[in-house]
1. Using θ = phi - 60° and the Karplus form 6.51 cos²θ - 1.76 cosθ + 1.60, what ³J(HN,Hα) does each residue of the stretch 315-321 get, whole Hz, x for Gly and Pro?
2. If you filter the stretch 1-83 for trypsin sites (Lys or Arg not before Pro), then keep DSSP loop positions with at most 14 other Cβ within 10 Å, what is left?
3. DSSP loop (so not H, G, I, E, B), at most 13 other Cβ within 10 Å: list which trypsin sites (Lys or Arg not before Pro) in the stretch 305-346 pass both filters.
4. On a full-extension model of 0.36 nm per residue, what is the gain between Asp106 and Ile49, subtracting their alpha-carbon distance, rounded to one decimal in nm?
5. Go through the cysteines of the chain and tell me which have no other cysteine Cβ under 4.7 Å away.
6. Anything over 27 Å Cα to Cα? Flag those among Lys149/Lys220; Lys127/Lys149; Lys220/Lys329, in the order listed.
Amino acid sequence: MIHIENRNQCSGCSACADACPHRAIRMVPDGMGFPYPAVDPDLCVDCGICDRVCAFRPAAGPAGAAFALRFPAYLDRSQSGGLGYALMRKAVRAGMAVYGAAMGADFVVRHVRVTQEEGLEPLRLTKYVQSDTAGIPGRVLADLKAGRKVLFTGTPCQCAGVGALAGARRKDLLLVDLLCHGVPAPFVWRDYLRYVEKREGEPLTGALFRDPALGWHGAKEKLCFGSRSLTADEYASLYFRRLMMRPSCLACPFASLARPSDLTMADCWGVEKALPGFADDNRGCSLLLVNTEAGHAFAAHFDEPLELREVDIDAVMQPNLQAPTQAHKYAPLFERLYLRHGFPFVLRHFGQASWNHRIASRIVKFKKKWLAK
Ligand SMILES: Cc1cc2nc3c(=O)[nH]c(=O)nc-3n(C[C@H](O)[C@H](O)[C@H](O)COP(=O)(O)OP(=O)(O)OC[C@H]3O[C@@H](n4cnc5c(N)ncnc54)[C@H](O)[C@@H]3O)c2cc1C
Ligand code: SF4
Ligand code: SF4
Ligand code: SF4
């Protein structure tokens, strides 16, 4: 039976829970909100199915072709070049069930199933938090068993889990993963929003992790209170400094060009240098990796106008296609203090405005100046 000895060996994909024929596994959040499987020994018959379905290991397969592309009509409401939305739209139009991450009215990010084009809107844009996939691999399998084709979008580990559970029905499942830097803690996101509501004295009515209105390179969150909104980077700064990552992200087996999916979507960072004159207006550009024949067949044609160029992958290489994200040296301390004292405390000590951060930034600036001499 599944036994998690080290928290960095489980991505929380939920595949084992949905694979268990005796319903002996529940996904239970730890103190940071990261889900882990918990086995009920009274229900478990030690059949080993959960161990066999776990796909938290490197994917096999050669790297495929890479393309820089964007859909001009989708740029204002997409995170990169609108590739994710275009793929999902094509799939629902073809009668497939689409799965992706949506933020609910309670600001919790969960995977949902969509079969109508109108339902795709909440799946657009990046959510920098682990999406809850409890029960989702099983729903995908149920769709496949019912003869419905499926397009699943998610992190590579989520795709690997869904693909493993699909087994022989994998041929009717199109997996689209994202190039993944790692997922931050759901409870930190929840507590951040509570903190902001208290500070502003108003309930939140909307939130975006990366506001596309600030341009493609912008990495700030937008928080809405009715007709009023504010831009902040308190949460983004904790994320990009790698202080609150899921432990498995720091040992991620999917940080490579060998993907567990048919297609990979990403930001095409570096496109300005790799393809001068192409998509250099800060409005967004996607990177598409075509990993399988099935992926190639699906992405070979789109109805909507698009700008597309083949690109040398080495010219737009990203750290997370080569190695997992490195933990911040204070990440364990961040977690300990968060669990003991709560969000406002860690924000005071690790946030942009904290003395720790200001002193560390000064030291970095000084070192850069000194090295440049
Ligand atoms: C946690 C995280 C880390 C990322 N790290 C990188 C990186 O290091 N480098 C890089 O180039 N790109 C990264 N991306 C991907 C990038 O930010 C865009 O999401 C991606 O390029 C798709 O943009 P788009 O315009 O094509 O899609 P859109 O049309 O905006 O659609 C967004 C798609 O992303 C999926 N999605 C959004 N949030 C989540 C989530 N939390 N979990 C699972 N699926 C989600 C949705 O289901 C949807 O299919 C990351 C995304 C996430 C969620
Ligand atoms: S060993 Fe079998 S019964 Fe036990 S938790 Fe795993 S799948 Fe369920
Ligand atoms: S990685 Fe997924 S399948 Fe493996 S133990 Fe964790 S939740 Fe279960
Ligand atoms: S970094 Fe790896 S383990 Fe973490 S969410 Fe992404 S694919 Fe999963």
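1. Calculated HN-Hα couplings, in order: 7, 10, 5, 10, x, 7, 9 Hz.
2. Those satisfying the criteria are Arg23.
3. Lys329
4. 17.1 nm
5. Cys10, Cys13, Cys20, Cys44, Cys47, Cys54, Cys157, Cys159, Cys180, Cys224, Cys249, Cys252, each lacking another Cys Cβ under 4.7 Å.
6. Lys149/Lys220
Throughout, read-outs are computed from the coordinates displayed, never taken from laboratory work. What you are looking at is a predicted structure, and each value in this text was computed from that prediction instead of being measured. All Cβ positions, even for glycine, are placed from backbone atoms using ideal geometry, and neighbour counts span all protein chains on display.
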